[in-house]
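Only one structure is covered here, and it is reproduced in the block below.
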Amino acid sequence: MRAFKVGVDSTSLKPLGLDPFEVLDWAIINGADGVQFSEAPREASDKSFFRELAVHAAQNGLYLEWGGGEHVPFDLSTGKSKDIRPGNERSVQQAVALGARTIRSCSGGLMRWRKDLPSTETLLRESARELRAERPMFEDHGLTLAIETHFEFTTFELVRLFDMAGAEPGGSLGICLDTMNLLTMLEDPVRAAERVLPWIVTTHIKDGGIVLAESGFTTFTAEAGRGVVDLPAIFRMLSAAREQGINLSIEDHGGDFAIPLFDPEFRAGFPDLGIAELCLLLKLAHRTHGLMEREDLSILDRSRWPAVCAVRVKRDIEAVRNIVEASCASRQFHE
């Protein structure tokens with residue numbers, strides 16, 4: 001199994017109020033191998049800022065990954081059309097100055113939970129149209145727009161989106177695999193990772209749980225190694241899939257998500273959810289219930305995240321590295 005670099009996403013540390021250089025210093029002190037910056041800091045208009053940040057990272061052996069991209073040409077607070085090209089042009093310039101090869105793109109909203117936004121098919125069609133038009137901009141700079149597995153498209157739909165946009169793995173479009181968000185989109189994390197495996201270029205490594213609720217399911221984040229996301233299986237896939245290593249960037253936070261699966265209208269928005277995968281989710285829910293009964297797992301309220309984030313993210317780093325090392329040792333033993 002190929003070794004991974006284990007780093008942290010900057011949003012995990014947001015409550016600490018650190019500037020980008022302090023985030024890098026936090027990573028150094030706490031044993032991380034790099035940082036994925038998901039949000040552009042206020043200094044982002046200054047190209048010298050990016051060069052200095054890149055130098056600081058390189059001097060300390062840290063990888064850097066960039067964010068700030070967009071892929072849905074709608075204002076998701078209003079549902080109105082939005083020109084995302086200027087923002088992506090800015091993100092391309094920033095990534096080039098930073099020396100990054102990927103730009104994470106996150107929609108940032110619970111689209112399936114709202115009835116006042118464009119349909120999924122409309123979002124897919126218009127996103128594909130815009131991304132096809134922007135493809136030369138990313139290709140000219142050797143950049144990949146890494147769409148996060150978030151709350152607008154399932155992995156089934158992301159594969160269709162790439163096909164509609166005329167994209168190929170290794171090109172202008174890819175995936176930032178958020179391992180816990182997959183549960184919230186009613187996907188088994190291992191099966192979902194398999195579906196988009198050729199497209200994965202960056203990650204948000206996050207553990208989680210899923211439990212049955214009165215309206216369907218509730219999903220929630222968990223400290224790495226304590227939830228039911230099969231991180232070892234996902235790491236083995238990522239290790240075998242690419243010649244160039246993928247970094248494991250930890251994103252963690254508090255909170256939970258209510259999934260009204262028993263609402264027929266909501267459930268109709270997930271036409272690719274089959275019996276086999278639903279059974280896998282039920283199996284994970286059974287495991288989660290057992291962990292919670294033994295008090296080995298619980299939901300962390302979002303309001304408590306600022307108080308625990310520094311300690312928990314440090315433990316996340318150690319846990320993910322231990323999982324990688326254990327998986328390496330197991331594979332070598334069997335070989």
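Since every read-out is calculated from the coordinates, none of them should be taken as a lab result. Just so you know, these numbers come straight off a predicted model, no measurement behind them. Glycine gets a Cβ as well: all are built from the backbone with ideal geometry, and neighbour counts include every protein chain shown.
Work out the charge dipole of the chain with +1 on the Cβ of Lys and Arg and -1 on the Cβ of Asp and Glu about the Cα centre, then indicate which of Gly61, Leu212, Ala224 is farthest towards its positive end.
Looking along the dipole axis, the top candidate is Gly61.
Tell me the volume per residue, in Å³, of the convex hull enclosing the alpha carbons of region 148-285.
Cα-based convex hull of region 148-285, divided per residue, equals 105 Å³.
Antiparallel versus total DSSP beta bridges in the chain: what percent is that, nearest 5?
Counting only bridges with both partners in the chain, antiparallel ones make up about 35 percent.
Check cross-link reach from Lys206 to the lysines: straight Cα distance under 17 Å, and skip same-chain residues fewer than eight apart.
In chain and number order, the partners are Lys5, Lys14, Lys314.
Can you put Met137, Met111 in order, fewest other beta carbons within 10 Å first? It would help to have the intermediate numbers written out before the result.
Values: Met137 15, Met111 21.
Ordered by Cβ neighbours within 10 Å, fewest first: Met137, Met111.
For region 294-303, take each phi angle, set θ = phi - 60°, evaluate the Karplus expression 6.51 cos²θ - 1.76 cosθ + 1.60, and give the result in whole Hz per residue in order, putting x for glycine and proline.
With the stated coefficients, region 294-303 comes to 7, 6, 8, 8, 8, 7, 9, 4, 4, 5 Hz.
Ranked highest first by the average count of other Cβ atoms within 10 Å around their residues, in what order do 121-130, 223-232 fall?
The peptides rank, most packed first, as 223-232, 121-130.
Can you tell me the dipole magnitude for region 172-229 around its Cα centre, using point charges on the Cβ only (Lys, Arg +1; Asp, Glu -1), in Debye to the nearest 20?
120 debye
Can you bin region 217-307 into rounded, prolate or oblate? Criterion: square roots of the alpha carbon gyration tensor eigenvalues sorted a ≥ b ≥ c, rounded for a/c under 1.5, prolate for a/b above b/c, oblate for the rest.
oblate
What is the fewest-to-most order of Arg132, Arg236 by other Cβ atoms lying within 10 Å of their Cβ?
Ordered by Cβ neighbours within 10 Å, fewest first: Arg132, Arg236.
Taking every Cα atom in the chain, find the radius of gyration and the maximum pairwise distance Dmax, and write them in Å.
19.2, 56
Taking the chain as a Gaussian network, where each spring joins two C-alpha atoms under 10 Å apart, which residue of Val159, Val35, Val201 fluctuates the most?
Of Val159, Val35, Val201, the Gaussian network model singles out Val159 as fluctuating most.
Using only Cα atoms, locate the centre of region 107-173 and the centre of region 264-332, then give the distance between them in Å, rounded to an integer.
Value for the Cα centre distance between the two parts: 25 Å.
Cα to Cα, under 20 Å, and not fewer than 8 places away if on the same chain: which lysines meet these conditions relative to Lys80?
Lys115
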